[in-house]
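Here the structure is laid out as C-alpha cells; the discussion comes afterwards.
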Amino acid sequence: MHFYSMILPSLIEKIHGQPHLRRSMHGLFWLLLFAVRLYITVISFNVYEGFPPAAFISLAFFNTLLLAAAYYILVYWITPRFIIPKRYFLSVFLILGLLTAYTTIDAFLELHFIKQCTACQLALDKYNAVYGTYLHRGLINIVFTRLFSLGTPLFLACALCIPLSLKLALQSYREKLKAVQMARDNLELEFNFLKAQLNPHFLFNTMNNIYGLIINGEKEQSAALVARLSELLRYTLYDSNEDIMPLTREIQMIQDYIELEKVRLNETSIRFQYTMDHNGYAIAPLLLMPLIENTFKFSGDNKDSFISIFLEIANGRLRCKMENSIDSNRLSSQASGIGLNNFRKRMELYYHDKYEYAVHVNDEIYLVNLSIEI
C-alpha cells in the first residue's frame with residue numbers, strides 16, 4: 001500500500017515528465033511485445049514452420065514495427081485531431097484507411113521476404129503447402145482476403161488493445177493525481193488564508209492579556225506567556241508548512257494555546273489531559289486547532305462554564321474527546337464555519353476512510369468525538 005500511495009505516483013510522474021525515459025519505456029514495451037509474439041508463434045500454430053531463424057525473426061520484427069506505427073498514428077494523430085473533436089466521419093474514414101494501409105504493407109513485406117528467401121519457399125512447400133498456395137494469389141487478393149475475412153482487423157484490434165489499455169489507464173491515473181494535487185493546492189491556499197485570518201485576532205487578544213499582566217506587575221507570568229506565544233507563532237507560521245509533524249510538537253502547541261487562552265478566562269474550568277504509548281507518532285500540522293479554538297470561542301466565562309479536552313494515543317490510533325459548555329450569546333454573535341470546513345477537507349485529504357468524527361450539540365453542551373488512524 002505504501003508503494004502504491006507514495007512511490008508509484010512519483011515514479012509515473014518522473015517517467016511522464018522526462019521524454020527520454022518515456023521513449024525508453026515505449027521502446028521496452030514494444031521489445032517485450034516482439035518477444036511475446038515470437039514465443040506465442042513458436043508454441044502455437046506456426047505458418048512459418050521450417051523458416052530459417054533469421055527470416056522468421058525478421059518477419060516478426062518488422063510486423064511489430066508496423067504495429068507500433070499503426071498505434072502511434074491512431075493515438076497521436078487520428079485521436080486528437082479527429083476523434084476527440086468529434087469529427088466522426090473523417091475518423092471512420094481514416095481508421096479504415098489505416099487498416100487498409102497496415103494490411104497492404106504487412107502482406108507486401110511478407111511476400112518480399114519469402115521471395116528473397118529460397119529456404120522459406122522450400123519450407124512452405126514442405127510444411128505448409130496450403131499457406132504457400134495462398135501467398136501465390138497475389139498482393140491484391142491477399143489484402144482483400146485478410147480484410148473481408150476480418151482476420152487482420154481482429155488481429156489488429158487484439159494487438160492494439162494492450163498498449164491502448166495501458167495508455168488509458170496511465171492517463172486516467174495521471175488525471176486523478178492531478179485532480180488530487182489541485183485539491184491539495186486549493187486546500188493549502190484555504191489553510192494559509194485561515195492561518196492569516198486567525199493569527200492577528202488571536203495575537204491581538206493575547207497581547208492585550210499580557211499587557212494587563214505587566215501593568216499588574218506579574219512579570220514572571222507575562223514572561224512565560226510571551227515565551228509560549230513565541231513558540232506558538234513559530235510553529236504556526238513556519239513549522240506547520242510541512243505535510244506532517246511529530247505529534248509531540250502538536251500537543252505542545254495545544255498546551256501553549258490553552259495556557260494563553262486561560263489568561264482571559266477567570267471562572268471557566270479548563271482541563272486538558274493526554275496519554276500516549278510512545279513518542280513516534282506524526283500528524284498533519286494544526287489539524288486539531290479548529291476544534292480546540294471552537295471550545296474556547298463558544299464557551300462563556302462564568303462559574304458554570306467548563307472546557308474539557310482529552311487525547312488518547314495508543315496502538316496507532318488517536319482518540320480525542322472535546323466537551324465544552326455553550327454560551328448562547330457568543331454562539332449567536334460569532335459567525336464561523338471556515339475553520340471547521342477546512343478541518344473536514346483536511347481530514348478527507350490526509351485520513352480518508354481512516355477517521356470517525358461525530359458532534360453532539362444541545363442547548364448547554366458541545367461534544368466532539370474524533371478517532372484517527374495515524
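The values are calculated or read from the model by the stated rules, or taken from the named source; none is laboratory data. Nothing here was measured: the structure is a model prediction, and the numbers come from that model. Glycine also receives a Cβ, built like all others from the backbone with ideal geometry; neighbour counts cover every protein chain displayed. With ligands, DNA and RNA removed, areas are computed over all heavy atoms of the protein, side chains included. Shrake-Rupley method; radii C 1.70, N 1.55, O 1.52, S 1.80 Å.
A compact table of results
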| item | result |
| --- | --- |
| Answer from Thr236, Thr152, Thr248, Thr145 - the residue that is modelled with pLDDT under 80, in a helix (DSSP H, G or I) and among the polar types (S, T, N, Q) | Thr236 |
| Filtered residues of segment 158-184 (kept if charged (D, E, K, R) and open to solvent by 70 Å² or more (accessible area, probe 1.4 Å)) | Glu175, Lys176, Lys178 |
| Lone unmet requirement of (1) of a type outside the set (Gly, Ala, Ser); (2) in a helix (DSSP H, G or I); (3) surrounded by 14 or more Cβ atoms within 10 Å (Cβ to Cβ) for Val42 | (3) |
| Candidates Tyr48, Tyr71, filtered to the one that is of a type in the set (Ser, Thr, Tyr), buried (at least 16 other Cβ atoms within 10 Å of the Cβ), modelled with pLDDT under 90 and within 20 Å of Leu156 (Cβ to Cβ) | Tyr48 |
| Subset of segment 79-96 (residues that are surrounded by fewer than 13 Cβ atoms within 10 Å (Cβ to Cβ) and within 21 Å of Gly151 (Cβ to Cβ)) | Val92, Leu96 |
